[in-house]
Amino acid sequence: MTATGSSPAFDGIYSQLIEDEGTYDELHRKTDVKHSAHPVSRVMLPSGLSGSRPYRLATICLATLCAILLISIIAVTAHYKNKPQVSGQVVPEIQKHTEDKNVSDLTATINKLQQEKNQLQKERDELLAKLAATKAPQVIKPTEAAIVCPVDWQLFNNSCYFISRVRRDWAESQSYCQSKGAHLAIIHTAEEQTFLWNLLPRGHWNAYWFGITDAQTEDQWKWVDGTLLVGGFWEVGEPNNHINEDCGYIVKTRVLTRVPIKSWYDAPCTMDLPYICEKEMSAGASTAIPH
């Protein structure tokens, strides 16, 4: 048996082994004949043939191993020869996938940094604006800086208010306020209403006249300056004109759940109640008003 791709030297060795084996078989047959003819005699082989069979087997085994090794080398060489071609197709795809992922991650990071930059710039602008505002000179309106209310009169915006302790009917209360250069209070905003309500003491039924009436036309409430009432801070169910009630008053009781923006009632104008006067002030005005 000759292995594919074997060398000429290997073929020569193998041919020699076949010839030696033929010679050995021929001698062996002759020896058997002589031995059978002379059972007692012992035939001696030529010295050149003594012990040649073990060497022949070793040579055959070695040649077989060489052939196997040669086939293995050829197979391994063919395997590694084809492997780079497969790797050459797979590796670029892996690299492309990795590069795409890196680009996506980098883009996301850039977008996040840009958003953070915009937010920081916005916060910086706000802080700069606040800093500029604190450094800017405070402008004080002359009227606010110069208004000084008389004793027992309280300042709110540009008006001074007086809470009376004397009881009079509604018309007499208005006359008293006018005598002090004032009038019964005209209340337009919830802030003004709350300010005045907080000045009043609590009691069982503490009621105070202020400058509103519908004495001329029922249900057409007007302020003492002749302007119509818009809205108002009436208690629920008021005004109800229960017994010819044509004048308005504010109530503050011991009930803590009562709120200032729901504290107006109507009552007969002839009732004697304390009252609230209001005097509009101008810059530099300060007048001592007797009570």
Here FRET efficiency (C-beta to C-beta, His204 to Leu128, R₀ 45 Å, nearest 0.05) is 0.20
Residue span Cys61 to His97: 0.36 nm per residue of separation minus Cα-Cα distance leaves a gain in nm of 7.7 nm
Heavy-atom accessible area of the range 164-280 with neighbours in place, 1.4 angstrom probe: carbon+sulfur share in percent works out to 52
Given 10 °C, 1.306 mPa s and a Kirkwood radius over Cα pairs, the Stokes-Einstein diffusion coefficient of the range 164-280 in µm²/s is 112
Nearest-0.05 FRET efficiency for Gln154 and Ile243 at R0 = 30 Å, using Cβ-Cβ distance, is 0.35
Hull volume per residue for the range 156-219, using the convex hull of the C-alpha atoms, in Å³ is 125
Over 30 Å (Cα to Cα) among Lys96/Lys122; Lys101/Lys122; Lys130/Lys262; Lys252/Lys279 -> Lys96/Lys122; Lys101/Lys122; Lys130/Lys262
Heavy-atom accessible area with a 1.4 angstrom probe orders Arg258, Arg202, Arg165, most exposed first, as Arg165, Arg202, Arg258
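The values are calculated or read from the model by the stated rules, or taken from the named source; none is laboratory data. Predicted model only: the values in this text are computed from it and were never measured. FYI the Cβ positions are ideal-geometry reconstructions off the backbone, even for glycines, and counts take in every protein chain you see. Heavy atoms of the whole protein, side chains included, go into the accessibility calculation; ligands, DNA and RNA do not. Shrake-Rupley method; radii C 1.70, N 1.55, O 1.52, S 1.80 Å.
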